[in-house]
Amino acid sequence: KRGFLAVGFVIVFLGLYHMDLTKSPSAAADLGEKIANIPERMAGFLRAAPADDVPSRMARLQREAQSVRKEIEARWGVSPASFSEALSRGIAWQRAEDDLFSALAAGSLSAGASGAGGDPPGALAAGSGGRFVFAFLGSSVTAGHDNFFNQSYPQVMERVLAPVFALGGVELVVRNQAMGGAPCLPSALCVETLAGPDINILGWEYDMMMGRSSEVMIETALRNAAALPNTPSFLYIHADAPIGPARPGKPQANNTGKPLPPPEHNLVLDYYGKRGYGNAILTTGRAYWGRDHEHPFTNRDFQAKDKPWGPAAGWHPGPIGHRFRGDVLAHNYLSMLQAAALRLSMAHSPGAPLPPPPSRNRTVPLKLPAPYKCDPRFCARAPTCLTTYEPRFVQDSLNVAPHAHNGWKLSISGADAGAVKRSQERSSGYRDYKIVWMSHFKNESDTWLSLDLPAVGARGGSVWVCEASTGWKYPKEQLPLSSAGEVRLSPAHTSADAAGWTPAVLLAGGNGTSVMGNPTAPTKPERTPLCSQLLLRGEGGGLAPLPPGRHAMHVRVGGGAVGLKVGMYASFAQVIVW
């Protein structure tokens with residue numbers, strides 16, 4: 001079309017001046033100048049014209065997505081149907097497709113004739129077009145431990161998807177915010193702080209860390225994600241691994257059917273799915289079911305082979321396991337992208353503006369239903385989460401502008417110091433650091449760390465102060481926050497001496513909890529911080545509410561704690577304000 005238009009432009013131009021050529025030398029000179037300028041003017045015309053129409057770009061995108069899917073299938077010898085079976089469908093699939101449609105519609109308005117730096121035609125120009133954001137919260141499995149960080153499955157998925165998304169003018173953002181050796185808190189309560197407010201899909205991998213009350217943790221995370229502006233789809237990631245064929249004396253644990261997460265996980269997800277929230281379950285074992293005795297699907301292939309160093313944890317996937325899980329995700333989301341591209345192509349008529357996206361109305365958020373199982377006192381509203389953990393999206397958290405910090409410092413958790421040192425020596429690229437506020441006890445006159453807290457609403461609130469997880473046992477120099485710490489609250493910008501109320505703070509850590517120094521024994525010793533147990537048992541619900549307004553929090557080590565010796569320390573990493 002552009003070629004014919006160019007030729008027609010020249011013919012008409014010459015025709016208009018044909019009769020003047022013999023009448024005036026000046027007219028001839030003028031025509032010569034205009035003809036000389038034709039290449040530059042045509043170049044401008046061609047630059048301004050779209051490279052092709054939306055249906056053509058979407059067709060090219062669909063072909064490329066199908067080509068990449070075929071490459072994935074050939075790499076593993078797995079059928080499209082098997083890849084599809086690994087990710088449950090339903091409303092979550094449709095919601096993700098709707099969001100991709102919206103991103104493609106925005107990207108189609110900004111995709112130019114060619115991308116910068118030799119990118120393919122229709123590629124996204126930097127800083128323009130649509131945007132689609134994944135965030136992953138999880139354990140050391142998702143964080144990529146025992147591998148290089150860039151071998152973790154979220155990064156595998158990103159490398160496969162990003163070039164294809166760019167063809168549609170969509171910037172793909174993947175945030176791997178997983179934290180090794182950490183329980184489900186704070187991430188279940190801190191989705192926005194850790195993952196960001198702009199996510200479209202939240203991946204949640206905490207199989208090994210949830211324990212018997214896992215549905216409460218899943219529900220807590222889901223509800224905190226659902227409160228975000230995009231109402232993101234919730235992707236529950238079942239951290240399964242090949243088991244191997246049944247043999248005498250060792251029957252295959254799941255040989256009665258294809259692997260699935262525990263049924264209670266399905267129940268809580270179904271409860272919200274039926275009420276309009278997009279939820280999905282990823283179970284990679286369903287993609288290779290019946291072949292886990294074959295290479296490359298054996299347990300050794302997935303969990304041990306090709307790890308860059310040892311000794312390694314058996315529950316951490318190796319490069320092959322990460323590559324497969326990343327490819328399973330990429331294969332499924334490429335399928336959604338193809339469907340969204342087809343819808344956009346069919347909805348676009350030549351010469352008409354792009355239709356509005358059919359995604360749900362973002363200005364009218366879904367109303368959260370009554371909690372399925374979690375305590376309504378903690379599930380009815382999302383708290384404000386402050387943390388020093390990395391990685392996190394919201395940076396102005398607990399480590400910003402304390403107005404007194406004598407004797408306190410931000411430091412790597414004592415339980416993690418050795419592992420962090422080894423990972424840095426190996427240049428592993430890990431991003432997860434348990435950074436904590438830490439103070440060593442010197443004497444009873446140790447000073448306070450004072451921090452300003454977010455405003456408490458008209459209904460009042462309460463505060464949880466949580467220490468970092470300590471692995472399998474406490475370092476011998478560390479004392480539980482619940483027994484060694486003292487916390488006071490006061491009006492904002494005042495000192496600890498101005499504290500006027502005490503029952504609104506709950507300290508949690510180690511093997512006990514305390515409400516401002518009044519110990520309460522847990523049902524059994526716990527190795528992880530008790531914030532998780534508080535949520536499960538509802539121990540924090542009886543706190544007297546804080547008055548509305550802004551407050552300061554003051555923390556010190558000491559206060560007459562039993563067994564406290566010079567050189568010992570306590571620490572904390574999260575403050576949850578309800």
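Phi angles across the stretch 309-317 convert, under the Karplus curve 6.51 cos²θ - 1.76 cosθ + 1.60 with θ = phi - 60°, into 3J(HN,Hα) values of 7, x, x, 10, 6, x, 8, 8, x Hz, Gly and Pro given as x.
Taking the average, over residues, of other Cβ atoms within 10 Å as the packing measure, peptides 229-236, 387-394, 289-296 rank 229-236, 387-394, 289-296 from highest down. On the beta carbon distance between K70 and D270, with R0 = 30 Å, the FRET formula returns roughly 0.35.
A protection proxy built from the mean count of other Cβ atoms within 10 Å ranks the segments 130-138, 373-381, most packed first, as 130-138, 373-381.
Classification of the stretch 128-242 by its C-alpha gyration tensor yields an oblate form. The axis ratio a/c (a ≥ b ≥ c) is 1.5 or more, and b/c is at least a/b. Checking the cross-link pairs K274/K373; K409/K476; K373/K434; K307/K409; K305/K434; K307/K476 against a 25 Å limit on the alpha carbon distance flags K373/K434; K307/K409; K305/K434; K307/K476 as lying beyond it.
Once the Cβ-Cβ distance of K565 and S56 is raised to the sixth power relative to R0 = 56 Å, the FRET efficiency obtained is 0.15.
Fully extending the segment from H295 to A370, taken as 0.36 nm per residue of separation minus the present Cα-Cα distance, adds 22.3 nm.
Report the calculated FRET efficiency for L410 and A162 (r = Cβ-Cβ distance, R0 = 45 Å), to the nearest 0.05.
Calculated value: 0.85.
Read-outs: derived from the displayed coordinates by stated rules, not from any lab. Not measured: the values here are computed from a predicted model. Heads up, the Cβs are rebuilt from the backbone with ideal geometry, glycines too, and the neighbour counts pull from every protein chain shown.
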